[in-house]
């Protein structure tokens, strides 16, 4: 599901756009000025930004310049909407993806969003993101290379706190987490993610360095083999999945439902 951030100081306009886009299948975040917009961008990494120009604290021009200066946000397409049509040339000269003059029909906005997110250039930019966390560099390397063959951009974390920080910063589509990380319990990481905006949309898979299911059952992590516990640990519609024995030959097959 594509993530769209709407930035406009008119809250009624934001809510109307939100309703329309959500009905069309998009996940929508809202901000009411450029400062708040920067904060939401950092937390959610949207696939598209819909931006008003005249706003308090930080206007659309300042916001656009800031995200273009930052690694990780410079390639996010921006659709500018404003009642001042004369600004079109200025923004197009700065490289915005599209421009809509207010007032506009909601259907026109949805159509423009769909067009931008289905364009070939956007498909390249919105590659799926995976975060791999564990202490065995060989296993991480195997998973990274195999996921990259499926079109994923992959981030690596080698300790629990680093994994948590990257999960909250990048909000990956897929988070593959070693259960028995040495410095922070996987359950604590999952609990924090559950309560973070957008965190429930991350697919979480757990794996262990233990080699057999019997070893896992006897370990403190054995509870994760229980369907009920995995469903309670996350949203019941997105239960945890456990890879009970890591095997490089069957890795992609075991997680195929998550990477389809």
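The values are calculated or read from the model by the stated rules, or taken from the named source; none is laboratory data. Note that the structure is predicted; figures quoted are calculated from it, not measured. Virtual Cβ from ideal backbone geometry, glycine too; neighbours counted across all protein chains shown.
Based on this model, can you work out whether residue 147 counts as in a helix (DSSP H, G or I), at pLDDT below 90, surrounded by 20 or more Cβ atoms within 10 Å (Cβ to Cβ) and not assigned by TED's automatic domain parsing to the domain that holds residue 42? Outline the logic, then answer.
On the way: in a helix (DSSP H, G or I): yes; at pLDDT below 90: yes; surrounded by 20 or more Cβ atoms within 10 Å (Cβ to Cβ): yes; not assigned by TED's automatic domain parsing to the domain that holds residue 42: yes.
Answer is yes for this residue.
When residue 96 is evaluated against the numbered criteria (1) at pLDDT 85 or above; (2) not in a helix (DSSP H, G or I); (3) not assigned by TED's automatic domain parsing to the domain that holds residue 201, which criterion, by number, is the only one it fails?
(1)
Of all the residues that make up the stretch 1-27, how many are without any contact (Cβ under 8 Å) to a residue 60 or more places away in the chain and either within 15 Å of residue 77 (Cα to Cα) or part of a helix (DSSP H, G or I) (or both)?
Residues of the stretch 1-27 that are without any contact (Cβ under 8 Å) to a residue 60 or more places away in the chain, as a first pass: 5-7, 9-15, 18-19, 22-23, 25.
Now restrict to residues that are either within 15 Å of residue 77 (Cα to Cα) or part of a helix (DSSP H, G or I) (or both): 5-7, 11-15, 18-19, 22-23.
Result for the stretch 1-27: 12.
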